[in-house]
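For reference, the structure discussed in these notes is given below.
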Amino acid sequence: MIGSLKGRLLAVEPPMILLDVHGVGFELQLPLSDLSDLPAVGGELKVSTQLVQREDELSLYGFRKTADRAWFRELIRVPGIGPKLALNIVSQSGVAEFAEQIQAGDVKALTRLPGIGPKTASRLIVEMRGRLEAVPAPGESSAANLALKALTGLGYTPVEAARMLKQVGDPGGRDVEELVREALSGGVAAS
């Protein structure tokens, strides 16, 4: 719904910021890691956003890196992980470190994150194992990222979509449509 915002930073009250976009003030919650790297109040700021609707509220979350937003989206899909806990995880851990802990099944390391007990850590391991392959790395081709999103939109799991795109090989100068078509034809042939 609201994919990104670019505007003038009006106020910072951790974890919230107020961003003026053409006269409209948006309150956003940012990971603590992003708050340390903000421009001065009055400076221009662009963030990727995620709108979360709960029973009685709408909350807008902002991220300086699109990979952090993708990771946040995967986290809030896990039963029992709300947006505040997901934001806390993104704030306290790097995606690579978190992925290693998930793949290793390291409950002890995950429980060091504030708000995560042994049961939540176990649930994260079960639910997230294999999903983090689909979180785009900062240097990945944008065409490959869009193709991955298109395939997941067609009903493939993030792991299946990532596997299909790996079979296509290096995205080279190909556009999103070509990548999706080749991934689908490879996926159909493999079925």
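The values are calculated or read from the model by the stated rules, or taken from the named source; none is laboratory data. Just so we're clear, the structure is a prediction, and the values are computed from it rather than from any experiment. Virtual Cβ from ideal backbone geometry, glycine too; neighbours counted across all protein chains shown. Protein only, heavy atoms only, side chains kept; ligands, DNA and RNA dropped before computing areas. Shrake-Rupley method; radii C 1.70, N 1.55, O 1.52, S 1.80 Å.
Output yes when any residue across the stretch 132-147 is farther than 28 Å from G172 by Cα and not in a helix (DSSP H, G or I), and no when none is.
No - not one qualifying residue is present in the stretch 132-147.
Can you tell me how many residues in the stretch 37-48 are open to solvent by 40 Å² or more (accessible area, probe 1.4 Å), under 17 Å from R69 (Cα atoms) and of a type outside the set (D, E)?
Selection size over the stretch 37-48: 1.
The rows are residues; the columns are (1) small (G, A, S); (2) free of Cβ contacts under 8 Å to residues at least 24 places away in the same chain.
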{"residue": "M16", "(1), (2)": "no, yes"}
{"residue": "L19", "(1), (2)": "no, no"}
{"residue": "S33", "(1), (2)": "yes, no"}
{"residue": "T49", "(1), (2)": "no, no"}
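Taking the stretch 161-189 only, how many residues are without any contact (Cβ under 8 Å) to a residue 12 or more places away in the chain and crowded, with 16+ Cβ neighbours inside 10 Å?
So the answer is 1.
Give G82, G62, G105 a once-over and let me know the one that is over 29 Å from E177 (Cβ atoms) and in contact with a Ser or Thr (Cβ under 6 Å, 6 or more places away or on another chain). Break it down into steps so the answer makes sense when it comes.
Values: G82 fails: in contact with a Ser or Thr (Cβ under 6 Å, 6 or more places away or on another chain); G105 fails: in contact with a Ser or Thr (Cβ under 6 Å, 6 or more places away or on another chain).
Exactly one residue qualifies, and that residue is G62.
Inspect the stretch 43-54 for any residue being part of a loop (DSSP other than H, G, I, E, B) and at pLDDT 95 or above and give the result as yes or no.
yes
Any residue at all in the stretch 27-35 that is outside any strand (DSSP E or B), out of contact with any Ser or Thr (no Cβ under 7 Å at 6 or more places or on another chain) and at pLDDT 95 or above? Can you show your working first?
Just the residues of the stretch 27-35 that are outside any strand (DSSP E or B), to begin with: 30-35.
Then drop every residue that is not out of contact with any Ser or Thr (no Cβ under 7 Å at 6 or more places or on another chain), which leaves 30, 34-35.
Subsequent filtering for residues that are at pLDDT 95 or above retains 30.
Taking every residue of the stretch 27-35 in turn, at least one turns out to be outside any strand (DSSP E or B), out of contact with any Ser or Thr (no Cβ under 7 Å at 6 or more places or on another chain) and at pLDDT 95 or above.
Output the residue which, of all residues in the stretch 55-77 that are more than 17 Å from R131 (Cβ to Cβ) and surrounded by 12 or more Cβ atoms within 10 Å (Cβ to Cβ), is modelled with the lowest pLDDT.
Within the stretch 55-77, the subset more than 17 Å from R131 (Cβ to Cβ) is 55-65.
Restricting the remaining residues to those that are surrounded by 12 or more Cβ atoms within 10 Å (Cβ to Cβ) gives 59-65.
Numbers: S59: 95, L60: 96, Y61: 96, G62: 96, F63: 95, R64: 93, K65: 89.
Ranking the candidates gives K65 first.
Keeping to the stretch 1-26, report how many residues are over 21 Å from S93 (Cα atoms) and part of a loop (DSSP other than H, G, I, E, B).
The qualifying residues number 5.
State which residue is surrounded by the most Cβ atoms within 10 Å (Cβ to Cβ) when the search covers only the stretch 1-26 and only residues that are of a type in the set (V, I, T) and out of contact with any strand residue (DSSP E or B) (no Cβ under 7 Å at 6 or more places or on another chain).
Residues of the stretch 1-26 of a type in the set (V, I, T): 2, 12, 17, 21, 24.
Next, from what is left, pick out any that are out of contact with any strand residue (DSSP E or B) (no Cβ under 7 Å at 6 or more places or on another chain): 12, 24.
Details: V12: 14, V24: 9.
Across the stretch 1-26, the extreme among qualifying residues is V12.
Of everything in the stretch 78-130, what is assigned to a loop (DSSP other than H, G, I, E, B), in contact (Cβ under 8 Å) with a residue 40 or more places away in the chain and open to solvent by 30 Å² or more (accessible area, probe 1.4 Å)? Give them in sequence order.
P79, G80
Sort out which residues of the stretch 55-65 are without any contact (Cβ under 8 Å) to a residue 12 or more places away in the chain and either closer than 15 Å to A86 by Cβ or in a loop (DSSP other than H, G, I, E, B) (or both), and write them in order of number.
E55, D56
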